[in-house]
Amino acid sequence: MMARKPLGLAIAVCLILVLEHFSNVRGIAQQPKGTFSRTKRAFVTHVQAIVGGTAELPCDLTPPAPNDSVLLVVWYKDEHLPIYSYDTRVDNVTAKHWREDNIDTRAFFRVMTEPSTLVINNIIEKDEGEYRCRIDYQRSPTKNHRVKVTVIVPPEKPSIYDEKGNKVLSTAGPYDEGGDVKLTCIVTGGKPEPIIKWWRGQTLIDSMDTRSNFPKARSNQLVIRNLQRSDQQASFTCQAANNNISQPVSASTSLVIYFRPLKVEILSSNQPLSADRRYEIPCQAFGSKPAVQITWSLDKKELKLPMYNSTQTDSDDGNMSTSTLVFTPTRLDNGRTLTCRAANHFVQNGIEETSIKLNVFYVPILHLSLGSNLNPNDIEEKDDVYFECKVNANPGAYKVVWKHNGQILQQNQKMGIIINSGGENLALQSVKKGQAGNYTCVASNVEGDGDSNSVELKVMYLPVCKSDQKRIYGVARHENAKVYCEVESYPVPTNFKWSFNNSAERNDVPPERYKFNLTSSTLTYTPITELDYGTVMCWAENTVGLQLEPCVFHIIAAGKPDPPHNCSILNQTTESLEVECVESFDGGQQQYFLLEVFDEQTNILQANVSAKFPLFTISGLESGKILRMLVFAANSKGRSEAVVLEGFTLKVAEKQIVLSLGTRDQIEIAPILGILVGIVTVLLLITVVILGAMKIRTSQRNGGRAFRPGFLPVKEKVTLPLRSDSEDLFEKDDKNPDVVPANKDSNYQLGSAAQTPGLNNSVTSTDYEVASTAPQTAHITPLQEAYIARDRSYTPQHGRYISYKDVY
């Protein structure tokens with residue numbers, strides 16, 4: 001295999017030379033008479049490259065004549081040695097690349113750039129020389145480009161030596177103030193020879209480089225006499241360069257000159273500090289070289305990371321060092337001594353320090369406890385209770401406030417609340433169960449208010465019946481009723497008992513008929529005969545005693561719910577309206593409500609809506625429709641009789657504005673709009689005579705919206721009959737629904753029962769949990785607020801209702 005490779009290379013070289021010969025012959029034949037391309041030397045392009053870098057050799061492939069193309073590109077080094085070929089004679093789409101072994105993996109001919117370039121990576125010194133790019137075209141004569149490549153070898157990194165011949169690294173010295181410094185920079189290698197310069201920071205120093213005694217080396221000596229303070233930590237850089245392509249190589253060092261500190265000072269006033277606030281306390285040391293090491297201590301104990309943090313900075317001239325202590329004092333630091341210590345360990349007697357005494361203000365620290373003679377687990381109603389509040393503050397507290405469950409307590413001897421003159425003691429005489437809860441004391445000084453720990457006062461009392469329970473249970477015969485009894489009690493009840501009472505007798509309920517858990521008990525009750533309907537009572541008992549007043553529940557025969565009453569229509573628009581009612585007796589069962597909307601003329605069902613409360617929003621209706629609405633209440637026993645309402649949707653061409661003046665009169669403003677339109681029309685006629693006719697017709701069309709249709713007479717004021725005051729929100733017989741009439745003409749607003757005294761007349765949306773999607777602004781009525789208070793998680797259901805058996 002090793003023998004075949006040189007043979008193949010030789011054959012390839014011969015072929016390229018033969019092709020070059022024939023191409024030259026063809027080129028000579030195509031030249032004008034009297035000229036030969038071989039006699040005209042190509043222009044030479046100079047390219048510089050750094051060892052290890054990349055060289056890009058340009059070769060313009062543009063043919064001399066139009067409609068011509070490149071057949072073959074051959075690169076030669078030193079005139080006759082082919083190193084690369086680009087051949088498109090076989091396949092114009094996929095050209096063949098051939099490389100000489102020396103540059104096989106380092107070179108690639110890029111034809112997509114302008115001009116095309118031969119890229120040689122990882123340049124070595126042997127790559128230096130003259131290259132020739134020969135281009136053979138399909139029709140045009142052969143063209144040659146010559147490129148001369150110069151390979152630059154950067155110098156080695158400089159080395160700095162002091163006057164003793166020791167190699168200097170990052171720092172040189174230490175030196176004495178007023179002394180001299182001699183630094184020599186030596187640089188080896190480099191082609192061409194480098195130039196050596198000295199820099200102080202960004203300033204070039206006058207100096208001269210010479211050949212060194214070492215082979216292939218140059219040197220430059222820097223001499224600094226009579227060192228000053230300004231020379232401390234000055235940076236000197238030796239820089240060597242032999243080209244403008246790569247960055248110069250350099251080496252730097254700094255001078256070290258020693259001085260001891262002259263003065264240390266804490267830059268802080270004698271004002272008090274506030275506890276738990278962040279402070280930055282600076283300390284400055286003057287005159288030390290090198291920079292002193294500044295440390296902090298509190299009562300001779302050094303402050304270290306991570307609890308304490310300090311940063312040190314040095315001035316540019318090296319004469320001053322500043323350390324800033326980030327210090328968050330606590331109340332325990334009050335009266336302690338803070339010391340700043342500056343030390344230069346490179347010189348004798350290089351330590352100076354200064355101290356201040358801390359005065360720390362802090363928010364009052366309080367500890368609250370029950371009186372030492374009280375047992376917190378054995379306090380009953382009518383016992384006397386007292387608290388002790390111990391205050392630790394700097395400066396002293398000027399006020400102490402007591403709180404019960406977050407509310408401020410005021411002294412009231414009539415109520416048995418006594419606070420001493422200093423405010424540190426609270427006494428509760430003949431304590432009541434309502435005074436149980438969490439007690440705290442708050443003390444105030446110039447730093448703020450300090451809160452004590454919370455002490456819970458537990459007052460034991462007899463069980464009492466919890467309010468807002470279901471009191472009436474509607475049950476059919478042979479149907480189980482779960483009667484739920486809940487009490488408030490501390491401690492929790494240890495036992496419950498139940499009894500049944502009707503007009504004939506009173507009997508205790510056997511324990512197996514009920515069960516209890518903590519503060520509640522559930523009785524399973526099944527009426528069999530009419531005598532089983534009556535009253536059941538529940539008592540709870542705890543360690544204090546038996547409940548005095550029982551919880552009373554009524555067992556009645558279950559039935560259908562009564563129809564809702566006081567129904568009214570609100571928020572009528574061209575496509576929606578709202579219905580609001582007051583619920584009636586639920587028949588002893590959980591109830592829900594249904595609304596059916598019919599077209600008055602066609603009797604076609606327009607919408608079905610179900611809701612947990614009698615609040616409905618109906619949308620998606622046609623404009624100008626007269627509607628008949630039926631409202632039902634339903635439970636598991638069936639549904640009530642219907643409450644019939646008549647309503648309408650507004651017409652699109654009409655603009656309805658109702659003025660509420662605190663009375664039940666509703667006034668249309670159509671005449672006012674007509675007057676305004678007439679005035680505008682007259683002004684337009686006077687101003688623009690030519691456009692008068694058009695304006696009149698436009699005004700008539702626009703003004704017509706404010707008047708009633710021609711088939712209905714104009715009415716200036718509408719007053720609908722309302723119920724008398726005796727027929728207000730709550731009627732003697734809740735089973736009789738209020739049917740509110742409505743004028744079937746959609747030009748009239750509906751006088752609704754929402755104007756009953758005690759209710760807000762604001763227009764509202766049934767969906768009270770979120771903002772209404774209707775265009776008008778929604779307001780919550782008192783009736784809706786009552787339903788919200790009962791069940792905030794409820795959201796009215798829009799659309800078609802389902803059978804009451806599937807609702808609950």
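The values are calculated or read from the model by the stated rules, or taken from the named source; none is laboratory data. Since the structure is predicted, the reported quantities are computational estimates derived from the model, not experimental observations. Here the Cβ is made from the backbone with ideal geometry for all residues, glycine too, and neighbour counts use every protein chain on show. What goes into the accessible areas is simple: the full protein's heavy atoms, side chains included, and nothing from ligands, DNA or RNA. Shrake-Rupley method; radii C 1.70, N 1.55, O 1.52, S 1.80 Å.
Computed from phi, the 3J(HN,Hα) profile of region 444-461 under the Karplus parametrisation 6.51, -1.76, 1.60 (θ = phi - 60°) reads 10, 9, 5, 7, x, 9, x, 9, 7, 5, 8, 10, 8, 9, 9, 10, 7, 8 Hz, with x in place of Gly and Pro. Say a paramagnetic label sat at a point 7 Å from the Cα of THR535, along Cα to Cβ; which residues of region 458-487 have their backbone N under 12 Å from it? Inside the label zone: nothing.
Taking label positions 7 Å along the Cα-Cβ direction at both SER623 and GLU114, the computed distance is 6.5 nm, reported to one decimal. Subtracting the Cα-Cα distance of ASP101 and VAL544 from their residue separation scaled by 0.36 nm leaves 148.8 nm. For GLY350, the amide hydrogen comes within under 5 Å of the amide hydrogens of ASN344, counting only partners 5 or more places away or on other chains and with H modelled in the peptide plane. Over region 195-339, the pair-distance histogram of Cα-Cα distances with 5 Å bins from zero comes to 2, 8, 13, 14, 11, 9, 9, 8, 7, 6, 5, 4, 2, 1, 0 percent, rounded to whole numbers.
With a 1.4 Å probe rolled over the protein heavy atoms of all chains, the accessible area of LEU267, LEU183 falls in the order LEU267, LEU183, largest first. Charges were assigned to the Cβ only: +1 to each Lys and Arg, -1 to each Asp and Glu. The resulting dipole of region 201-354 about its Cα centre is roughly 320 debye.
Summing Cβ point charges (Lys, Arg +1; Asp, Glu -1) relative to the Cα centre of region 484-611 gives a dipole of roughly 660 debye.
If a spin label sat at a point 7 angstrom from the Cα of GLU381 along the line to its beta carbon, the backbone N atoms of region 403-439 nearer than 16 Å would be those of 429-437.
Taking packing as the residue-averaged number of other Cβ atoms within 10 angstrom, the listed peptides 577-587, 118-128, 296-306 run from highest to lowest as 577-587, 118-128, 296-306. Heavy-atom accessible area for SER170, with the other protein chains in place and a 1.4 Å probe, reaches approximately 80 Å². Solvent-accessible surface of region 117-173, averaged per residue with a 1.4 angstrom probe and all protein chains in place: 46 square angstrom.
Length available on full extension from SER254 to GLU488: 0.36 nm per residue minus the Cα-Cα distance, which gives 75.9 nm. The C-alpha radius of gyration of region 473-516, expressed as a fraction of 2.2 N^0.38 Å, stands at 1.39. Applying 1/(1 + (r/R0)^6) with R0 = 60 Å to the Cβ-Cβ distance of LYS182 and ASP91, what FRET efficiency is obtained, to the nearest 0.05? Plugging the Cβ-Cβ distance into 1/(1 + (r/R0)^6) gives 0.30. Taking a point 7 Å out from the Cα of GLU505 in the direction of its Cβ, the residues of region 524-553 whose backbone N falls within less than 14 Å of it are 528-533. Between ASN420 and SER467, residue separation times 0.36 nm minus the direct Cα-Cα distance comes to 13.2 nm.
What net charge do the residues around ALA504 carry, taking every other residue with its C-beta under 12 Å from that of ALA504, with Lys and Arg at +1 and Asp and Glu at -1? Surrounding charge for ALA504 is -2.
Estimate the FRET efficiency between ILE351 and LEU169 by the formula 1/(1 + (r/R0)^6), using the beta-carbon distance for r and 30 Å for R0, to the nearest 0.05. The computed FRET efficiency comes out at 0.55.
Rounded to the nearest Hz, the phi-derived 3J(HN,Hα) couplings of region 189-202 under the Karplus curve 6.51 cos²θ - 1.76 cosθ + 1.60 (θ = phi - 60°) are x, x, 9, x, 4, x, 10, 9, 9, 10, 10, 10, x, 9, where x marks glycine and proline.
Across region 306-311, coupling constants 3J(HN,Hα) worked out from phi with the 6.51/-1.76/1.60 Karplus curve, θ = phi - 60°, read x, 5, 10, 10, 9, 10 Hz, and Gly and Pro carry x.
By a 1.4 Å probe calculation restricted to protein chains, SER369 has an accessible surface near 30 Å², given to the nearest 10. Based on protein heavy atoms only, region 507-560 ends up with 53 Å² per residue of surface accessible to a 1.4 Å probe. Rounded to the nearest 0.05, what FRET efficiency is calculated for THR150 and PHE43 with R0 set to 22 Å and r the Cβ-Cβ distance? Given R0 = 22 Å and the Cβ-Cβ separation, E is 0.85. Between THR330 and GLN413, the modelled label-to-label distance comes to 4.4 nm, taking each label 7 Å out from Cα in the direction of the beta carbon. Over 22 Å, how big is the tail of the calculated P(r) for region 448-539, in percent of all Cα pairs? Tail fraction, whole percent: 39.
Projecting label points 7 angstrom from Cα along Cα→Cβ for GLN312 and THR573 puts them 7.5 nm apart.
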